There are 2 protein chains.
Amino acid sequence: MAINRSGPNMSAIAAALGVSAATVSNALSGKGRVSPELIEKVRAKAAELGYVPSLTARALRTGRSGVLGLVLPDIANPLFPQIAQAIENAASNAGYGVLIADSRGDIARQTEAIGRLIERGVDGMVIVPRRGTRIADVGCPVAVIDTPSTPGNTVSADHWEGGAEMGRHLSLLGHRKVLLIGASPASNVQNDRIGGLKAGLGPGVECDTLWIEKVEAIEGEGCPLGLAARAAAGFTAFAAVSDLSALRALTELQRAGIGVPEAVSVSGFDDLIWSPVVTPALTTVRMDMTTIADLAIAALIRAIEPEDEPEDAEKTIAGKVASGQDRVPMQLIVRQSTGAPPSASLHAPNKPTAGELGT
Amino acid sequence: MAINRSGPNMSAIAAALGVSAATVSNALSGKGRVSPELIEKVRAKAAELGYVPSLTARALRTGRSGVLGLVLPDIANPLFPQIAQAIENAASNAGYGVLIADSRGDIARQTEAIGRLIERGVDGMVIVPRRGTRIADVGCPVAVIDTPSTPGNTVSADHWEGGAEMGRHLSLLGHRKVLLIGASPASNVQNDRIGGLKAGLGPGVECDTLWIEKVEAIEGEGCPLGLAARAAAGFTAFAAVSDLSALRALTELQRAGIGVPEAVSVSGFDDLIWSPVVTPALTTVRMDMTTIADLAIAALIRAIEPEDEPEDAEKTIAGKVASGQDRVPMQLIVRQSTGAPPSASLHAPNKPTAGELGT
DNA sequence: TATGGATGCTTAAACGTTTAATCAGAGCAT
DNA sequence: ATGCTCTGATTAAACGTTTAAGCATCCATA
């Protein structure tokens, strides 16, 4: 169906101009030997007739579909919109379409979803693997977006360094006892972030780690995290490893009458959509999704498209860079949810623009 | 590329069995006249060789690609994961792939994105239009997910009735002065919800509507909404038309020391991912995305695939149902963020399970 | 004026299906 | 035996593109 149903094809242009279809193809693609004047005439005729090439036919002939697959662990993940948008943008700038496949958190479905994409003839795929999953060889170029600690053709944010930056921020503010909040210890990403946080906070800071998944396994989903008690126990900062957890912490603390940021600080990760609009706006660390997507797509395309300029031995080097690991920096975004701890006679001079500071 | 690069094709099976490729095709599709024994042999051989049909070739021949397009106003929308997941699921159950296209909120891009999908030969598309946009004829079957007040082949949640349910809930609790909070008056969906809310609250309840977009145009993005003042002015309930706005309201009120739900109630729409885990958990209204997606995909497929059983005149009726408007009910989810207003000597007997009620 | 190489175009095959048209043979009635 | 229908297969064309190979023509060089 589609527009091609009635739309003109190359033969129509060829017939209208009294030339062969092959010439039209060459003229439009600029590949064979066609006189400049004819090229111009072909272009004009194509535009006049409203010619739209059949990507299907091209795919059949060339063996390349111009479509990339995007495999996600769970579309419902709040980070997904950012990823999908960035990937879709990068891909469509490169002339590729994006086919989505959701594995709904299920590992069997992930394999099945990958299979479906292969059947549809995708030229390559971007996989955001489910926590701790290793991707088997799938028979087409693959770019994995996860964390640098995953081996393979990975491009990802530098989660560790992002955590370290946040850690330094908190430490500089004067916090000496901070609670690290993660969802699941099975996540490489979260572990990297926690590792970075600890490193950034430094040896002088007391840390404890709370895994939400574990407490929910006991207390039930959506249960209180007991953060007020933690605050009473002297924790002055709650550094979550995702904005979703941070939001949960923030509201739980607020509900308990504990002021953020004047009593305790809360920070997150990922700069999710609500982060700037809650009160107080969340201090967080943002992934540069645009760059990540660009790198992933570029790597994929290098693997898919034949290298045009085998100028030097540089080709090989480029190939290696492609299949290596790229890690892109994260950006600390300081907003209102972090500030100096109450007892801070310490010097925390410049950074935070906290809305209202208690003494 | 893909697996087809090396994979066997129909001719391979045909050659291995000493029959013609056409027969193999007929055997596998069950269309022509092939003896049962041969069908079995072909099946077996296909399995043995690991035959995977080329959907590309099939698409070229039949003119149908088996791919549906999903056009979104803005992938970054927090509701998007739900939509995408439901659509992807429904489509893949029906044997279709889903190509995504993001218009990033831009209306020109929306047209362009639709064009790209057409070029790729999608058999039909699901469009979630940008606020207030009308979709022009695009040359292929289209299902629109928006609101019943949009004319066309629309399937959507019954936003109005959802609003009415929430309104009745609030009214029943005893609220007599409620602030309706919307993002943009240009949104049909939001207007429907607001209309429903007003109707559900009934004539005895005083209402005012706050459009966030308008106050942000003056005060800047992410500015405070002045909700504490509203509470002081006697508003006891804040009914947002999206969970994102509800969350914004909730945190702003909490930050101002106003207890939710004992002092004021807050409610939202859509049951976004964070709604159950914030404190207090948000009372909201959920769309039945699964049903919506199923209806949209089913309508699309009816339009795409030739009707097999023209048994009776029922065919026509089915066709009408398909191109009409389907509205699916929304579900009220009462959690902790709504409760009786402080002065409620009124009878609000059963419904709310509010966490802690002040007197 | 031959020889050789660009140049500009055409021919034809190929990609892997589907499907209409055809055909050989079998069974059966006339 | 001749004609007819039914069955189970084959042949060939078609979908719209790309691309290798071929064929004139023309210009320059020998």
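The values are calculated or read from the model by the stated rules, or taken from the named source; none is laboratory data. Here the structure is a predicted model, which is why all the values come from computation and not from measurement. Positions of Cβ are generated from backbone atoms using ideal geometry, with glycine treated the same way; all protein chains shown enter the neighbour counts. All accessible areas refer to the heavy atoms of the entire protein, side chains included, with ligands and DNA or RNA removed. Shrake-Rupley method; radii C 1.70, N 1.55, O 1.52, S 1.80 Å.
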Excluding same-chain pairs closer than 8 in sequence, count the lysine pairs in chain A whose Cα atoms lie under 26 Å apart.
8
Percent relative contact order for chain B, counting Cα pairs under 8 Å at least six residues apart, stands at 15
Shape call for region A:159-287, from the Cα gyration tensor axes a ≥ b ≥ c (a/c under 1.5 means rounded, otherwise prolate when a/b beats b/c, else oblate), comes out rounded
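To the nearest 20 debye, what charge dipole does chain B have about its Cα centre, counting +1 at the Cβ of each Lys and Arg and -1 at the Cβ of each Asp and Glu? Each step should come with its number before you reach the end.
Working: 32 positive and 38 negative charges, 90 e Å.
With Lys and Arg at +1 and Asp and Glu at -1, about 440 debye.
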Given R₀ = 51 Å, what would the calculated FRET efficiency be for residue A:35 paired with residue B:112, taking r from the Cβ atoms and rounding to 0.05?
0.95
Along the positive direction of the dipole of the protein assembly as shown (beta-carbon charges: Lys, Arg +1; Asp, Glu -1; about the Cα centre), which of A:56, B:287, A:82 reaches farthest?
A:56
Amide H contacts under 5 Å for residue A:67, placed H, 5+ residues apart
A:97, A:123
Ranked packing of A:332-341, B:195-204, most packed first, by mean Cβ within 10 Å:
A:332-341, B:195-204
Answer in debye to the nearest 20: the dipole magnitude of region B:159-286 about its Cα centre, from +1 Lys/Arg and -1 Asp/Glu charges placed on Cβ, is 320
What is the dipole size for region A:215-309, taken about its Cα centre, with +1 at each Lys and Arg Cβ and -1 at each Asp and Glu Cβ, in debye to the nearest 20?
740
For residue A:49, place a label point 7 Å from Cα along the Cα-to-Cβ direction in every copy; what are the distances to the other copies, in nm, shortest first?
3.6
I need the helices of chain A that pass two filters: whole DSSP H segments spanning 18 Å or more by Cα along the axis, and mean Kyte-Doolittle score no lower than -1.0.
A:36-49, A:80-93, A:107-119, A:159-173, A:188-201, A:289-304
Reported to the nearest 10 Å², residue B:100 has, with a 1.4 Å probe, an accessible area equal to 10
Say R0 is 25 Å: what FRET efficiency, to the nearest 0.05, do residue B:325 and residue B:305 get from their beta-carbon distance?
0.70
What is the percent of Cα-Cα separations in the protein assembly as shown that go past 48 Å?
25
Once all protein chains are kept in place, residue B:140 shows an accessible area at probe 1.4 Å, nearest 10 Å², of 20
Give me a single rounded figure for A:137-148: the average over its residues of other chain Cβ atoms within 10 Å of their Cβ.
1
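Averaging sequence separations of C-alpha pairs under 8 Å and six or more residues apart, then dividing by the length of region A:3-53, give the relative contact order as a whole percent.
Relative contact order, region A:3-53: 44 percent.
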Can you work out ³J(HN,Hα) from phi for every residue in region B:262-278, in order, using Karplus 6.51 cos²θ - 1.76 cosθ + 1.60 and θ = phi - 60°, giving whole Hz and x for Gly and Pro?
5, 9, 9, 9, 10, 9, x, 8, 4, 6, 5, 4, 7, 4, x, 9, 6
Any idea what the residue A:20 label distances to the other copies are, label 7 Å down the Cα→Cβ vector, nm, shortest first?
2.9
Report, by chain and number, residues whose modeled amide H sits under 5 Å from the one on residue A:333, excluding near sequence neighbours (fewer than 5 apart, same chain).
A:284, A:285, A:286
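Report the extension gain between residue A:221 and residue A:206 in nm, rounded to one decimal, defined as 0.36 nm multiplied by the number of residues separating them, less their alpha carbon distance.
2.6 nm
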For chain B, set up a Gaussian network in which alpha carbons nearer than 10 Å are linked by springs, and say which option among B:246, B:27, B:84 fluctuates the most.
B:27
Averaged across B:275-284, how many Cβ atoms of other chains sit within 10 Å of each residue's Cβ atom?
5
At a probe size of 1.4 Å, how large is the accessible area of residue A:214, to the nearest 10 Å²?
120
To the nearest 500 deg cm²/dmol, what mean residue ellipticity at 222 nm is calculated for the protein assembly as shown from DSSP H runs of n ≥ 4 alone, each contributing -39,500 (n - 2.57), summed and divided by the residues?
-12500 deg cm²/dmol
Kindly work out what percent of the DSSP beta bridges joining two residues of chain B are antiparallel, to the nearest 5.
10
With a ≥ b ≥ c from the Cα gyration tensor eigenvalues, square-rooted, and the rule rounded for a/c under 1.5, otherwise prolate when a/b > b/c and oblate otherwise, chain A is prolate
With the label set 7 Å along Cα→Cβ, residue B:273 is separated from its counterparts in the other copies, in nm and shortest first, by 1.0
How would region A:3-53 be classified by its alpha-carbon gyration tensor: rounded, prolate or oblate, with rounded meaning a/c under 1.5 and the a/b versus b/c comparison settling the rest?
prolate
Out of B:57, B:217, B:12, any idea which swings most in a Gaussian network model of chain B, alpha carbons joined below 10 Å?
B:12
Taking chain B as a Gaussian network, Cα atoms linked when under 10 Å apart, which of B:37, B:213, B:305 shows the biggest mean-square fluctuation?
B:37
Which Cβ of chain A lies nearest the axis of the rotation superposing A onto B, and at what whole-Å distance?
A:254, 2
FRET efficiency estimate (nearest 0.05) - Cβ-Cβ, residue B:49 to residue A:332, R0 60 angstrom
0.60
The set of residues whose placed amide H lies less than 5 Å from the amide H of residue B:142, leaving out same-chain residues fewer than 5 positions away, is B:125
For the pair residue B:61 and residue B:12, the simple spin-label estimate (label points 7 Å beyond Cα toward Cβ) gives in nm 1.7
Partner chain Cβ atoms within 10 Å, averaged over the residues of B:107-119 - can you pull that number for me?
2
